[in-house]
Amino acid sequence: MPTALVIGASRGIGREFVRQLLRDGWKVWATARDDASLAELQSAGAQALKLDVAQTDSIATLGWQLDGEKLDLALFVAGVYGPGHGAETAPTSAAFDQVMHANVLGAMQLIPTVAPMVEAARGKCVFISSIMGSIGSATASIGWVYRVSKAALDMVVKSASFDYRHATFVALHPGWVQTGIGGPNAPVPVEQSVEDMLDVIGKLQPGDSGSFYSHDGTRLPW
Ligand SMILES: NC(=O)c1ccc[n+]([C@@H]2O[C@H](COP(=O)([O-])OP(=O)(O)OC[C@H]3O[C@@H](n4cnc5c(N)ncnc54)[C@H](OP(=O)(O)O)[C@@H]3O)[C@@H](O)[C@H]2O)c1
């Protein structure tokens, strides 16, 4: 039975990854911050772990809880959008810190703990990024702080891919998806986005490490 870790599984894209992976026969470790979500994940059949990616001590606890585990797939899904404004408004330090801690520092602190477990299974580390972080695709500044955080996350993924040669590291854009971040008017239902992404993930080869893909399998510019 293949094993996956889904980081940020209380709702939205992360919760749907858990549902589809369990349906497909995976053993799933799933993280959430609140007790109600942990209980719900556990009753759905996942192994629930408490984790706030913006808390360093929380990440250390995850490391010893998973000690010795081999992960075929680690999904870094947790993220926040932050303020919606663009470059005509200065972000506050508090808003900047909140978004960068959750979207960037969290991944940077998790990778040295999680990536060796993925290498042990010759597995895949998949980071849910966004086309909003693509410098090569940028046409506007709306969601400025979020864009900057996802561009930084992309560098986290690309640069780490050189150090963890036995894992396949990719960034994935999920589409504009009906979730807390995407909102109700998003065109892509969460079930479709996750189905598409699992298809892309299933086809990844070691030579794809250090790449950025959309949920439909097209390669995106960083
Ligand atoms: N939806 C879209 O259109 C879209 C497009 C591009 C990229 N994305 C990316 O997809 C990922 C998932 O977002 P979503 O669309 O599913 O939005 P969502 O419904 O708002 O879910 C966000 C998830 O991230 C978790 N999270 C936030 N901060 C966290 C922290 N400090 N520690 C642990 N977990 C934390 C939330 O947990 P709580 O329940 O505890 O808050 C929740 O599970 C994000 O990285 C987002 O940037 C989404």
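Computed over the Cα atoms of the chain, what is the convex hull's projected area averaged over all directions, in nm²?
Details: hull surface 46.0 nm².
Directional mean of the projected Cα hull area for the chain stands at 11.5 nm².
Given the Cα-Cα distance of R33 and S159 and 0.36 nm per residue of separation, how much length would full extension add, in nm?
Working: separation 126, 0.36 × 126 = 45.36 nm, distance 2.81 nm.
Residue separation times 0.36 nm, minus the Cα-Cα distance, leaves 42.6 nm.
Chymotrypsin sites (Phe, Trp or Tyr not before Pro), restricted to the range 97-186: which are DSSP loop and have at most 13 other Cβ atoms within 10 Å?
Working: sites: F127, W144, Y146, F162, Y164, F169, W176; in loops: F162, Y164, W176.
Within the range 97-186, the qualifying chymotrypsin sites (Phe, Trp or Tyr not before Pro) (loop, at most 13 other Cβ atoms within 10 Å) are F162.
Can you tell which of K70, K203, K50 shows the greatest fluctuation in a Gaussian network model of the chain with Cα springs below 10 Å?
Highest fluctuation of the listed residues: K203.
Find, among the trypsin sites (Lys or Arg not before Pro) in the range 100-169, those assigned to loop by DSSP (not H, G, I, E, B) with at most 11 other beta-carbon atoms within 10 angstrom. Kindly include the intermediate steps, with their values, before the conclusion.
On the way: sites: R122, K124, R147, K150, K158, R165; in loops: R122, R165.
Passing both the DSSP loop test and the Cβ count: R165.
Which whole-Hz ³J(HN,Hα) couplings does the range 81-86 yield from phi under the Karplus relation 6.51 cos²θ - 1.76 cosθ + 1.60, θ = phi - 60°, glycine and proline marked x?
8, x, x, x, 5, x
With a sphere of radius 13 Å drawn around the Cβ of V148, what net charge do the other residues whose Cβ falls strictly inside it have (Lys, Arg +1; Asp, Glu -1)?
Working: positive: R147, K150; negative: D97, D154.
Neighbourhood net charge equals 0.
With a point put 7 Å past each Cα toward its Cβ, work out how far R23 is from E88 in nm, to one decimal.
A separation of 4.3 nm, rounded to one decimal place.
Between beta-carbons, use under 13 Å as the cut-off and find the net charge around I7, counting Lys and Arg +1, Asp and Glu -1.
For residues surrounding I7, the net value is +2.
Given Cα pairs under 8 Å that are at least 6 residues apart, what percent is the relative contact order of the range 135-221? Numbers along the way, then the final one.
On the way: 102 pairs, mean separation 27.6, N = 87.
Reported as a whole number, the value is 32 percent.
Percent of Cα-Cα pairs per 5 Å bin, from 0 to the last occupied bin, for the range 149-222, please list those.
Calculated P(r), rounded to whole percents: 3, 16, 23, 22, 20, 10, 5, 1.
Select from the chain the helices, each a whole stretch of DSSP H, whose alpha-carbon atoms run 18 Å or more along the helix axis and whose Kyte-Doolittle mean is at least -1.0; answer none if there are none.
Values: long enough: 106-119 (19 Å, 0.91); 144-160 (24 Å, 0.49); 190-203 (20 Å, 0.01).
Going by DSSP H runs, the hits are 106-119, 144-160, 190-203.
Amide H to amide H, which residues 5 or more places from C125 or on other chains are under 5 Å from it, using H placed in the peptide plane?
A74, T168, F169, V170
Once the other residues with Cβ under 11 Å from the Cβ of K124 are scored (Lys, Arg +1; Asp, Glu -1), what is the net sum? All intermediate terms of the calculation are to be shown ahead of the outcome.
Values: positive: R122, K203; negative: D72, E119, D208.
Every neighbour counted, the sum reads -1.
Which whole-number percent is the relative contact order of the chain (Cα, under 8 Å, 6+ apart)?
On the way: 449 pairs, mean separation 40.6, N = 222.
Dividing the mean separation by the residue count of the chain yields 18 percent.
Compute the length gained on full extension between A186 and H166: take 0.36 nm times their separation in residues and subtract their Cα-Cα distance, giving the result in nm to one decimal.
Numbers: separation 20, 0.36 × 20 = 7.20 nm, distance 3.60 nm.
Gain on extension, A186 to H166, equals 3.6 nm.
Can you list residues whose amide H is under 5 Å from L49's amide H, if they're 5+ apart or on another chain and H is modeled 1.01 Å from N?
Long-range HN contacts for L49: A30, T31, A32.
Taking only protein heavy atoms and a 1.4 Å probe, what accessible area per residue, in Å², does the range 3-214 have with all protein chains in place?
Values: 9370 Å² over 212 residues.
I get 44 Å² per residue for this part.
Going Cα to Cα from K70, which lysines come in below 23 Å? Please leave out same-chain ones fewer than 8 positions away.
Filter leaves K27, K50, K124, K158, K203.
The values are calculated or read from the model by the stated rules, or taken from the named source; none is laboratory data. Given the structure is predicted, the values throughout are model-derived calculations rather than measurements. Note: ideal-geometry Cβ built from the backbone for every residue, glycine included; neighbour counts use all protein chains shown. Just the protein is used for accessible areas: all its heavy atoms, side chains included, with ligands, DNA and RNA removed. Shrake-Rupley method; radii C 1.70, N 1.55, O 1.52, S 1.80 Å.
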